[in-house]
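A.B. asks: One structure, as structure tokens, below. Some questions next.
The values are calculated or read from the model by the stated rules, or taken from the named source; none is laboratory data. Treat the numbers as computed from the prediction; the structure is a model and nothing was measured. Note: ideal-geometry Cβ built from the backbone for every residue, glycine included; neighbour counts use all protein chains shown. Accessible surface areas use protein heavy atoms only, side chains included; no ligands, DNA or RNA. Shrake-Rupley method; radii C 1.70, N 1.55, O 1.52, S 1.80 Å.
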Amino acid sequence: MPHDAIAAHAPRPAHASTLGARLIRLPWLLPLCVAALLLGGWQAWVTVADIPPYLLPSPWRIAQTLVSDWGLLSAAWWVTVKITLWAFACAALLGMGVAFAFVQSRWIEAAFFPYAVLLQVTPIVAIAPLIIIWVKDPTWSLVLCATLVALFPIIANTTQGLRSVSPGLAAYFELQGASRWQMLWRLRLPSALPYVLTGWRISGGLALIGAVVAEFVAGTGGTATGLAYQILQSGYQLDIPRMFAALTLVTLTGVAQFALLSALSRRVLAGWHDSEVLG
């Protein structure tokens with residue numbers, strides 16, 4: 001056997017396989033290392049260049065602001081989180097209900113799906129002022145705006161998943177005399193779960209974006225205001241460290257929401273679906 005062929009079939013070093021196994025078990029390790037390098041470079045650049053905090057605060061200054069202004073920022077954060085969660089729940093229920101209706105009839109889907117697309121392509125900043133005027137309660141007006149932003153991915157993914165069933169299994173269910181409800185509950189919905197959960201992961205981030213954008217458009221003050229209002233006020237007052245601290249809370253909230261929905265997806269699909277069994 002040629003030397004190159006022997007080298008190609010030689011066993012890999014044990015430390016390489018061990019490192020690969022650790023990275024598989026700890027998928028967050030590499031992103032955490034990259035984040036540490038970026039934050040360290042940011043801190044070093046701001047310190048060496050002596051950049052003033054009102055232009056670009058250092059990560060350490062932002063962390064100090066998070067601690068010192070936690071009372072103010074945490075209350076605003078909780079307002080934004082509540083709007084996001086309500087919007088996501090409304091989008092999930094409404095979107096799945098619309099998708100179930102689309103699957104029952106091609107006529108219904110052909111008649112109403114273009115309007116779902118219309119909601120998706122219409123900028124929320126264009127219709128949010130009208131919604132805020134029409135809906136008297138400020139919180140529910142923001143929830144409605146965020147729901148409209150988060151709705152389409154659930155409709156599209158759930159509809160696609162409910163349609164993507166094995167023709168052989170569908171024929172078998174029909175041969176056994178399964179009702180339309182049995183087909184939906186026992187065949188279409190289990191087959192659509194990966195699509196549904198993917199739609200949820202996308203919609204969760206969009207609900208947070210919709211909540212923040214709606215707060216920007218509303219521009220209301222007072223105690224029951226979210227992180228967007230704190231960002232605006234910090235900009236007006238040139239309190240850039242607080243602005244970055246609020247932005248950090250928004251970012252961490254989005255990451256945590258995506259991580260929780262991803263963990264839910266792995267938990268639901270583990271042990272039976274190819275995406276988790278083979279992945």
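A.B. asks: Enumerate the calculated ³J(HN,Hα) couplings along the stretch 234-243 in order (Karplus 6.51 cos²θ - 1.76 cosθ + 1.60, θ = phi - 60°), each rounded to whole Hz, writing x wherever the residue is Gly or Pro.
C.D. replies: In residue order, the calculated couplings are 5, x, 5, 8, 6, 8, 5, x, 5, 4 Hz.
A.B. asks: For Val255 paired with Leu29, estimate the spin-label separation in nm (one decimal), with each label point 7 Å from Cα along the Cα-to-Cβ line.
C.D. replies: 1.8
A.B. asks: Which value, in Å³ per residue, describes the convex hull spanned by the Cα atoms of the stretch 110-224?
C.D. replies: 129
A.B. asks: For the stretch 53-135, what is Rg from Cα atoms divided by 2.2 N^0.38 Å, rounded to two decimals?
C.D. replies: After normalising by residue count via 2.2 N^0.38 Å, the value is 1.72.
A.B. asks: Would you mind calculating the gained length between Leu37 and Ser74 on full extension (0.36 nm times residue separation, minus the Cα-Cα distance), in nm to one decimal?
C.D. replies: The Leu37-Ser74 span can extend by a further 10.6 nm.
A.B. asks: Let me know the charge dipole size of the stretch 46-163 about its Cα centre in debye, to the nearest 20, where only the beta-carbon of Lys, Arg (+1) and Asp, Glu (-1) is charged.
C.D. replies: So the magnitude is around 280 debye.
A.B. asks: Moving to a separate point now. Averaged per residue, what accessible surface does the stretch 124-279 expose to a 1.4 Å probe, in Å²?
C.D. replies: On a per-residue basis, the stretch 124-279 sits at 52 Å².
A.B. asks: Follow-up question, since we're still on this one. With a 1.4 Å probe and all protein chains left in place, how much of the accessible area of the stretch 168-252 comes from carbon and sulfur atoms, in whole percent?
C.D. replies: Using a 1.4 Å probe with all protein chains present, the stretch 168-252 comes out at 63 percent carbon and sulfur.
A.B. asks: Out of Phe216, Leu144, Gly235, whose Cα points farthest toward the positive end of the dipole of the stretch 124-238 (charges: +1 Lys, Arg; -1 Asp, Glu; placed on Cβ)?
C.D. replies: After comparing all options, I get Leu144.
A.B. asks: Let me ask something else about it. So what is Rg over Rh here for the stretch 184-269, counting just Cα atoms and using Kirkwood for Rh?
C.D. replies: On the Cα set of the stretch 184-269, Rg over Rh gives 1.17.
A.B. asks: Apply the Karplus parameterisation 6.51 cos²θ - 1.76 cosθ + 1.60, with θ equal to phi minus 60°, to every residue of the stretch 68-77 and state each ³J(HN,Hα) to the nearest whole Hz, in sequence, with x for glycine and proline.
C.D. replies: 5, 9, 4, x, 6, 6, 5, 5, 5, 4
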